[in-house]
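S.K.: To start, I am sharing the structure in question, which I have written as structure tokens.
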Amino acid sequence: MAHEILIVDDEPDIRLLIEGILRDEGYETRLAGDSDSAISAFRARRPSLVILDVWLQGSRLDGLGILQAIQGEEPVVPTIMISGHGTIETAVAALQHGAYDFIEKPFQSDRLLLVVRRALEASRLARENAELRLRAGAEATLFGDSPAIAAVRNQIERVAPSGSRVLISGAAGAGKEVAARMIHARSRRAEGPFVALNCATLAPGRFEEELFGIEGTADGSGRRTGVLERAHGGTLLLDEVADMPIETQGKIVRALQDQSFERVGGATRVKVDVRVLAATNRDLQELIAAGRFREDLYYRLAVVPLRVPSLRERREDIPGLARMFLHRAAENAGLPLRDLSGDAIAALQSYDWPGNSRELRNLMERLLIMMPGNGTDPIRAEMLPPQVGQGAPTLLKFDPAADVMGLPLREARDLFETQYLQAQLLRFGGNISRTAGFVGMERSALHRKLKQLGVTSDERGAG
């Protein structure tokens, strides 16, 4: 998406000259000739950058006054000051008040474009760093090689460049926000902001302030921008959108339709260009039937539906995910990396993971930090928490002291094969094809062996 630049200069010829230079490079522009129109334009829609003349004849505020007003409301928007009567003192004052750079008139177009590019890049990096500090550890991609997660990644690659709204559904912790970040990163808005609002954590009375912001007083004091305004030029994720109050839903419908809104306490409509993504772990159709979610909002959000599978639907991804989380935890904590034994992996794959990838990540961090013993010893099944280990395959709980020595070889072998195959079937969710591939048997041969041993399989997802 093209960056929008606000040009403020009292000379029409200069405004048009700068506009021509910028538009030739693909930038969008808006123009203002005095402080009132400049501040009004800035408040109506946040630009990516401001080019601001220091001396504005007949204006209520000069350029430094406008700079202070802009910095007070939105310090992340870079400002380049220009002047034909520049002095060292003026340049220093501009930089002290938060300007990115100062350029003297007359200027070379190449010099102006270089400073513009640098200012926009610095703004992008500052925004990314701030987001990383707030969301340390946020995943950047959906990890795994399973068909289920590969299908989701393929959908993301197709929908991301389209600009369409996407409704992302899935259980808590399955990776809905990760999917939203992938959509943003692969879209034409990738250089714009990504802003997430978790609707489940807000008190009902605060929703509109967080979404639309607060107007404040006439001089701008007390004004606070909402997430719609902060996401201008980028992407807004409404996480757990089912928890949005029904009254607010009606207002967001209009904002989506018009791409404009009024701040709380204000009367002027603010125009924005935002791609809205929504995420939910609940059935919105049921909420619509119960009168708790607006049908018109649903159809505006669900232009493209996308479902992120739960971890138990892609058990084959668990070993790789667990090892990745262990590696990250070891790096962050400065501890030696520990591997997972085969019995621990089988136990992890047998657990249903109600908290999904988030629960697995937390468990791996806890195990790495809290497990006793030599730091290089692998993590074994008996080290796992009871709620994880209790669902482990029977073979993992096999009593080595059992009186197998009293059994004939054939019966002992059948007992082992029965428990082993039961364990592997449970590990792969009853999928015969994947179990056969892992144990090294043809699918038909495994069917015969299971029938011979009297082992029944749950054919969920069998291929």
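S.K.: Please give the contour-minus-distance gain from Asp296 to Asn362: 0.36 nm per residue of separation, less the Cα-Cα distance, rounded to one decimal in nm.
M.R.: On the way: separation 66, 0.36 × 66 = 23.76 nm, distance 3.80 nm.
Net length gain for the segment: 20.0 nm.
S.K.: Still on this structure: Counting only protein heavy atoms and a 1.4 Å probe, tell me what percentage of the chain's accessible area is made up of carbon and sulfur.
M.R.: Carbon-and-sulfur percentage of accessible area, whole number: 52.
S.K.: Normalising by the residue count of region 11-91, find the relative contact order in percent from Cα pairs under 8 Å and 6+ residues apart. Working shown, then result.
M.R.: Details: 70 pairs, mean separation 21.9, N = 81.
For region 11-91, the relative contact order is 27 percent.
S.K.: So what's the projected area for region 1-121, the Cα convex hull averaged over all directions, in nm²? Can you show the working numbers first?
M.R.: Working: hull surface 26.7 nm².
The directionally averaged projection comes out at 6.7 nm².
S.K.: What does the accessible area per residue of the chain come to in Å², with a 1.4 Å probe and no ligands, DNA or RNA counted?
M.R.: Working: 22410 Å² over 463 residues.
Spelled out: the 1.4 Å probe surface of the chain, per residue, equals 48 Å².
S.K.: Something else: Please report, largest first and rounded to whole Å, the three semi-axes of the ellipsoid equivalent to region 225-316, where each semi-axis is the square root of five times an eigenvalue of the C-alpha gyration tensor. Please report the intermediate quantities before stating the final value.
M.R.: Working: eigenvalues 147, 57, 22 Å².
In descending order, the three semi-axes are 27, 17, 11 Å.
S.K.: Also: With everything on Cα atoms, drop me the angle between helix 35-44 and the longest principal axis of the chain, reported from 0 to 90° to the nearest 10.
M.R.: 20 degrees
S.K.: Right, here's the next one. Which residues in region 265-298 place their backbone N less than 13 Å from a point set 7 Å from the Cα of Arg188 along the Cα-to-Cβ direction?
M.R.: Under 13 Å, as judged by backbone N against the label point of Arg188, lie 274-275 of region 265-298.
S.K.: Separate question: Over every pair of different alpha-carbon atoms in region 268-346, take the mean of 1/r and invert it; report that Kirkwood radius in Å.
M.R.: In region 268-346 this quantity evaluates to 17.2 Å.
S.K.: Enter the angle in degrees (range 0 to 90, nearest 10) between the Cα long axis of helix 246-258 and the first principal axis of the Cα atoms of the chain, meaning the one along which they spread out most.
M.R.: Once rounded, one gets 60 degrees.
S.K.: If the viscosity is 1.306 mPa s and the temperature 10 °C, what translational diffusion coefficient in µm²/s does Stokes-Einstein give for region 137-287 when Rh comes from Kirkwood over Cα pairs? Kindly include the intermediate steps, with their values, before the conclusion.
M.R.: Details: Rh = 16.3 Å.
After rounding, the answer is 98 µm²/s.
S.K.: Report the per residue volume, in Å³, of the convex hull enclosing the C-alpha atoms of region 150-237. The partial results should precede the final answer.
M.R.: On the way: hull volume 9.6 nm³, N = 88.
Each residue corresponds to 109 Å³ of Cα convex hull volume.
S.K.: Shape verdict for region 1-54, please, from the Cα gyration tensor: rounded (a/c under 1.5), prolate (a/b greater than b/c) or oblate.
M.R.: Numbers: a/c = 2.43, a/b = 1.13, b/c = 2.15.
Cα axes put region 1-54 in the oblate bin.
S.K.: Send over the per residue convex hull volume for the chain, Cα only, as a whole number of Å³.
M.R.: Details: hull volume 88.2 nm³, N = 463.
Once divided by residue count, the hull of the chain is 191 Å³.
S.K.: Which three extents, in whole angstrom, do the alpha-carbon atoms of region 325-386 cover along their principal axes, largest first?
M.R.: Principal extents (Cα only, largest first): 30, 21, 16 Å.
S.K.: Report the FRET efficiency, 1/(1 + (r/R0)^6), for Leu337 and Thr141, where r is their Cβ-Cβ distance and R0 is 25 Å, rounded to 0.05. Mind showing how you got there, number by number?
M.R.: Numbers: r = 21 Å, r/R0 = 0.85.
For R0 = 25 Å, the calculated efficiency reads 0.70.
S.K.: Kirkwood hydrodynamic radius for region 188-269: how many Å is it when counted over pairs of different Cα atoms?
M.R.: Working: mean 1/r = 0.0755 Å⁻¹.
Result for region 188-269 stands at 13.2 Å.
S.K.: Using 1/(1 + (r/R0)^6) with R0 = 30 angstrom and r between the beta carbons of Lys105 and Asn198, what's the FRET efficiency to the nearest 0.05? Present the calculation step by step, with values, prior to reporting the outcome.
M.R.: Values: r = 47 Å, r/R0 = 1.58.
Using R0 = 30 Å, I get an efficiency of 0.05.
S.K.: As a test of the formula, what do you get for the chain when each DSSP H run with n ≥ 4 contributes -39,500 (n - 2.57) and the sum is divided by the residue count, at 222 nm and rounded to the nearest 500 deg cm²/dmol? Intermediate results must be reported in sequence, preceding the final value.
M.R.: On the way: 19 runs with 210 residues, N = 463.
Value at 222 nm, helices only: -13500 deg cm²/dmol.
S.K.: To the nearest 10 degrees, how steeply does helix 318-333 sit against the main Cα axis of the chain, on a 0 to 90 scale?
M.R.: Value to nearest ten degrees: 60.
S.K.: Suppose a student asked you for the relative contact order of the chain, using Cα pairs under 8 Å spaced at least 6 residues apart; what percent would you report? Don't skip to the answer; put the middle values down first.
M.R.: Numbers: 757 pairs, mean separation 52.0, N = 463.
About 11 percent, as a whole number.
S.K.: Report the extension gain between Ile288 and Glu25 in nm, rounded to one decimal, defined as 0.36 nm multiplied by the number of residues separating them, less their alpha carbon distance. Write out the running numbers ahead of the final one.
M.R.: Working: separation 263, 0.36 × 263 = 94.68 nm, distance 4.72 nm.
Separation in residues times 0.36 nm, less the Cα-Cα distance, equals 90.0 nm.
S.K.: Sticking with this structure for a sec: If you take every DSSP beta bridge whose two residues both sit in the chain, what share of them, in percent to the nearest 5, is antiparallel?
M.R.: Values: 5 of 41 bridges.
Of all bridge pairs located within the chain, approximately 10 percent are antiparallel.
S.K.: If you average the C-alpha positions of region 257-333 and of region 166-216 separately, how far apart do those two centres end up, in angstrom?
M.R.: Comparing the Cα centres of region 257-333 and region 166-216, I get a distance of 7 Å.
S.K.: Within the P(r) computed for region 91-201, what percentage of the Cα pairs occupies the region above 26 Å?
M.R.: Values: 2421 of 6105 pairs.
Here the tail beyond 26 Å accounts for 40 percent of pairs.
S.K.: Please report, in debye to the nearest 20, how large the charge dipole of region 83-216 is about its Cα centre when each Lys and Arg carries +1 at its beta carbon and each Asp and Glu carries -1 there. Could the numbers behind the result be given before it?
M.R.: Details: 17 positive and 16 negative charges, 94 e Å.
Here region 83-216 has a charge dipole of around 460 debye.
The values are calculated or read from the model by the stated rules, or taken from the named source; none is laboratory data. Everything quoted here is computed from the prediction, not taken from an experiment. Neighbour counts are summed over all protein chains in view; Cβ atoms, including those assigned to glycine, are modelled from backbone coordinates with ideal geometry. Just the protein is used for accessible areas: all its heavy atoms, side chains included, with ligands, DNA and RNA removed. Shrake-Rupley method; radii C 1.70, N 1.55, O 1.52, S 1.80 Å.
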